[in-house]
Amino acid sequence: MRYCEGRPESGARPLTPGERTWAAALRRRLALRAVLAALAGPLALATVPLAPWFARHVMRLGERMAYAAGTGWMGLVLLLGVPAAVLLVRDGLRAWRTLARDLDEGLAVRFGEGAGALELLPRSGRVLPGGARGRARRVAVGEAAALPADPVTWALPVSDVPEALQGGGWVKRALTPEEKDEIAAFAARVARFPWALAILTLALLAAAAGRAGAHAAAPATAALWVLAAGLGWWRVASARAMAARLRADVREGWVMRATAGAAAGDEMLPDSRAAWARAGAPAPWRLRRRA
């Protein structure tokens, strides 16, 4: 079942002419933004060879400081500027394509009922503003296994509940086959080996080794690059550890459910301690993939 901000999908209707005009104008703005981001990347790269000259002759820094400033600027451009430009171009083109699909299909999808319902374009995830004007807020739409409406539950020993949560009247219920499949698929994605990070790390180490004796400022620059790669690998290790705990949740085959207090109806996986349901809807992390 598809959800948006905790609301289940509840229907669809054709787009009005005003909404189609609004979506087409939004598509043009996103295309312009992608073009500007595509130009920003090469412009940032073009400043790299000029940075040492600027530091030396305009900022009047010494030769060593000018070299350090130039290599620092190169690191910022390559580690932050270029990746940011690439992501902006990718996201802009993706939004441009998905809005084209929304216009071709000509449908608005509704999530939830009553005054709290949301109507949005299904492919791009853009909320339709009242009167087809206003900001184009983008929301996450994702699929998740539906929560069982009236599941059988069993008592849960207090020792199995974290001390800070023991006032919630926790019980346990069995995970459905669809829920187990969802957890296993998510764990597999999280544990996927980061080939791009591995290649980048090897390139950084090779560059650091090649420049180790080139200049006194080189070790500091290399340390910055190695630190960035180290942070990436730390995130990979954390993600793989979480994947292992999620696989343990699948093997155990049950989930904890609160029955008392403000958390009544919330659910939590026992081994990973990941939230599974909030207020009767899938937890937000299960719906992070956009439409």
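The values are calculated or read from the model by the stated rules, or taken from the named source; none is laboratory data. Just so you know, these numbers come straight off a predicted model, no measurement behind them. As a convention, Cβ positions derive from the backbone with ideal geometry for all residues, glycine included, and neighbour counts pool all protein chains shown. Side chains are part of the model used for accessible areas, which takes the heavy atoms of the whole protein and leaves out ligands, DNA and RNA. Shrake-Rupley method; radii C 1.70, N 1.55, O 1.52, S 1.80 Å.
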> What are the residues in segment 142-200 that are over 27 Å from ARG2 (Cα atoms) and of a type in the set (Asp, Glu), if any?
Replying inline: ASP160, GLU163
>> Any residue at all in segment 84-102 that's within 26 Å of GLY18 (Cβ to Cβ), open to solvent by 60 Å² or more (accessible area, probe 1.4 Å), in the same structural domain as CYS4 (by the TED database) and touching a strand residue (DSSP E or B) at 6+ places or on another chain (Cβ under 7 Å)?
In response: no
> Restricting attention to segment 61-83, which residues are hydroxyl-bearing (Ser, Thr, Tyr) and open to solvent by less than 30 Å² (accessible area, probe 1.4 Å)?
Replying inline: THR71
>> Can you tell me which of (1) part of a helix (DSSP H, G or I); (2) open to solvent by 80 Å² or more (accessible area, probe 1.4 Å) is the one TRP154 doesn't meet?
In response: (1)
>> From the list GLY70, GLY81, exactly one residue is among the small types (Gly, Ala, Ser) and touching a residue at least 40 places away in the same chain (Cβ under 8 Å). Which is it?
In response: GLY81
> Where residues in segment 264-289 are charged (D, E, K, R), on the phi < 0 side of the Ramachandran plot and part of a loop (DSSP other than H, G, I, E, B), which of them is surrounded by the most Cβ atoms within 10 Å (Cβ to Cβ)?
Replying inline: ASP266
>> If I go through segment 181-195 residue by residue, how many of them are open to solvent by 70 Å² or more (accessible area, probe 1.4 Å) and not acidic (Asp, Glu)?
In response: 4
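Identify the residue in segment 250-263 that is in a loop (DSSP other than H, G, I, E, B) and in contact with a Phe, Trp or Tyr (Cβ under 8 Å, 6 or more places away or on another chain) and, among all such residues, is least open to solvent (accessible area, probe 1.4 Å).
Looking at the filtered set, the residue picked out is ALA258.
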> If you go through segment 24-31 one residue at a time, do you hit one that is closer than 30 Å to VAL226 by Cβ, in a helix (DSSP H, G or I) and either touching a Leu at 6+ places or on another chain (Cβ under 6 Å) or not small (Gly, Ala, Ser) (or both)?
Replying inline: no
>> Where the second residue is open to solvent by 90 Å² or more (accessible area, probe 1.4 Å) and in a helix (DSSP H, G or I) and the first is in contact (Cβ under 8 Å) with a residue 60 or more places away in the chain and lies in segment 84-102, which pairs have Cβ atoms under 6 Å and are six or more apart or on separate chains?
In response: GLY92/ARG33
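It is to be established whether one or more residues within segment 123-141 are in a helix (DSSP H, G or I) and over 30 Å from LEU36 (Cα atoms).
Checked segment 123-141: no residue is in a helix (DSSP H, G or I) and over 30 Å from LEU36 (Cα atoms).
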